[in-house]
Amino acid sequence: MPVSKTLPPFLKKGDEVAIVSPAFCIDEDKLHAAVDFLADWGLKARIGKNAAKRNGPFAGTDEERLSDFQEATDDPSVKAVLCARGGYGLLRIIDRIDFSSLKKSPKWYVGYSDITVLHTWLSERENLVSIHGDMPLNYYDTDKEEITFSTLKKALFGRLAGIVWEGDGARKRRAEGEIAGGNLSLYYSLVGTPADPDTNGKILFLEDVGEYYYHIDRMLSSLKLAGKLDNLAALVVGGMTQMNDTRIPWGKSIEETILEIVAEYDYPVLFGFPAGHVNDNRAVFIGRNAVVEAKGKKSSLKFT
């Protein structure tokens with residue numbers, strides 16, 4: 001049986017949450033709008049003192065971003081830490097964050113894209129479940145589907161049982177394991193680090209945006225060479241959007257590329273998972289056990 005990681009206490013109305021910017025910068029008005037958005041959920045949101053700063057593309061210097069993140073992590077009154085946006089930046093500071101306070105006061109961390117670094121670090125190093133979900137940058141994005149935010153609210157308040165979607169796949173059958181992964185580029189970047197991903201028996205979820213087709217092949221081939229694709233329970237592929245081609249065409253779809261790389265394995269491979277850099281970006285727990293199953297064009301992921 002899979003080993004269960006720590007599940008932080010689910011939120012309730014009146015709880016305090018913190019919005020921090022550990023990666024790229026964000027406009028201050030979006031931060032204040034996020035406070036109002038979360039107030040509608042009954043949450044009291046506070047903004048990190050450096051969250052609106054700018055230092056090149058980053059939300060302040062490494063030290064300023066680290067300071068906000070550490071303060072929110074250490075404060076037991078903060079029940080969830082919401083990362084304002086992705087981009088890039090967490091990899092520069094992740095090894096300097098002291099997570100020791102989580103042993104007494106575990107809390108939720110939310111984000112996606114660059115925040116994959118945090119999810120993987122928390123899962124591998126701190127044995128903590130977190131939420132891969134949308135961020136304050138997008139709270140009022142009218143292109144986002146409503147289910148993006150309704151599933152995030154359900155996840156935070158303990159009411160998200162699972163996800164059902166339409167998508168094709170290979171070797172369709174039931175599989176069970178702990179959910180790992182997130183953004184392929186960031187997940188791949190952690191191989192060989194102190195948060196080196198342990199994928200054995202895991203349901204590996206991967207998504208990406210704006211990459212070249214051959215970059216996807218290169219990163220997956222590297223994961224394969226590192227043994228990270230050998231013993232999965234299942235591979236679940238989310239949004240692979242805004243892919244680019246080179247002057248000499250790649251000539252294969254993302255699905256064909258992935259199936260070719262994992263052809264020698266017998267675990268299920270499911271496509272079309274509604275998460276990632278897509279308008280239907282549903283919340284999913286990273287580090288939590290789940291069951292995936294595909295029947296015809298219908299697939300499901302249910303948390304256990």
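The values are calculated or read from the model by the stated rules, or taken from the named source; none is laboratory data. Small disclaimer: the values here were computed from a predicted structure and weren't measured. Cβ sites come from the backbone with ideal geometry, for glycine too, and all protein chains shown count toward neighbours. Surface accessibility is based on the protein's heavy atoms, side chains included, excluding ligands, DNA and RNA. Shrake-Rupley method; radii C 1.70, N 1.55, O 1.52, S 1.80 Å.
Label positions at THR6 and LYS44, each projected 7 Å from the Cα along the C-beta direction, are separated by 2.4 nm. By the gyration tensor of its Cα atoms, with a ≥ b ≥ c the square roots of the eigenvalues, what is the shape of region 146-194: rounded for a/c under 1.5, prolate for a/b over b/c, or oblate? Taking the square roots of the gyration eigenvalues as a ≥ b ≥ c, region 146-194 is oblate. Once neighbouring chains are kept in place and the probe is 1.4 Å, which whole percent of the accessible area of the chain is contributed by carbon and sulfur? Percent of accessible area from carbon and sulfur atoms in the chain: 48. Couplings for region 193-198, taken from phi via the Karplus curve 6.51 cos²θ - 1.76 cosθ + 1.60 with θ = phi - 60°, read 8, x, 9, 3, x, 9 Hz in order; Gly and Pro are left as x.
The alpha-carbon of LYS172 sits under 23 angstrom from the alpha-carbons of these lysines, leaving out residues fewer than 8 places away in its chain: LYS202, LYS224, LYS228, LYS252, LYS295, LYS297, LYS298, LYS302. The slack between ARG92 and SER222, meaning 0.36 nm per residue of separation minus the straight C-alpha distance, is 44.6 nm. Only helices enter the 222 nm calculation for the chain: every DSSP H run of n ≥ 4 contributes -39,500 (n - 2.57), and dividing by all residues gives -7000 deg cm²/dmol, rounded to 500. Centre-to-centre, using Cα atoms only, region 1-47 and region 194-240 are separated by 28 Å. Computed from the coordinates I sent, Rg and Dmax of the Cα atoms in Å equals one of [x] 18.4, 56; [y] 21.3, 73; [z] 19.7, 63. Tell me the label. The value matching this structure is [x].
Based on the reciprocal of the average 1/r between different C-alpha atoms, the Kirkwood radius for region 195-244 equals 11.6 Å.
Does region 194-283 come out rounded, prolate or oblate, given a ≥ b ≥ c as the square roots of the eigenvalues of its C-alpha gyration tensor, rounded meaning a/c under 1.5 and, failing that, prolate meaning a/b above b/c? Oblate, since a/c reaches 1.5 and b/c is not below a/b.
The residues of the chain expose on average 41 square angstrom of accessible surface per residue, using a 1.4 Å probe on protein heavy atoms.
A cut-off of 5 Å between modelled amide H atoms, ignoring neighbours fewer than 5 places along the same chain, links TRP108 with ALA80, VAL81. Spacing of the modelled spin labels on SER100 and ASN127, each 7 Å from Cα toward Cβ, amounts to 1.7 nm.
Students sometimes get this wrong: rank GLU207, GLU16 by accessible area, probe 1.4 Å, all chains present, largest first.
Sorted descending by solvent-accessible area, the residues read GLU16, GLU207.
Whole-Hz Karplus values for region 92-105 come out as 6, 10, 4, 6, 9, 7, 9, 9, 4, 5, 5, 5, 8, 9 Hz, taken residue by residue from phi with 6.51 cos²θ - 1.76 cosθ + 1.60 and θ = phi - 60°; glycine and proline positions read x. For LYS30, the lysines whose Cα falls under 26 Å of its own Cα, not counting residues fewer than eight places away in the same chain, are LYS12, LYS13, LYS44, LYS49, LYS53, LYS79, LYS107, LYS144, LYS153, LYS154.
How much of the calculated P(r) for region 115-265 lies past 18 Å, in percent of all Cα pairs? Of all Cα-Cα pairs in region 115-265, 63 percent lie more than 18 Å apart. When the Cα gyration tensor is reduced to axis lengths a ≥ b ≥ c, the ratio a/c is 1.5 or higher for region 70-113, and with a/b not above b/c it is classed as oblate.
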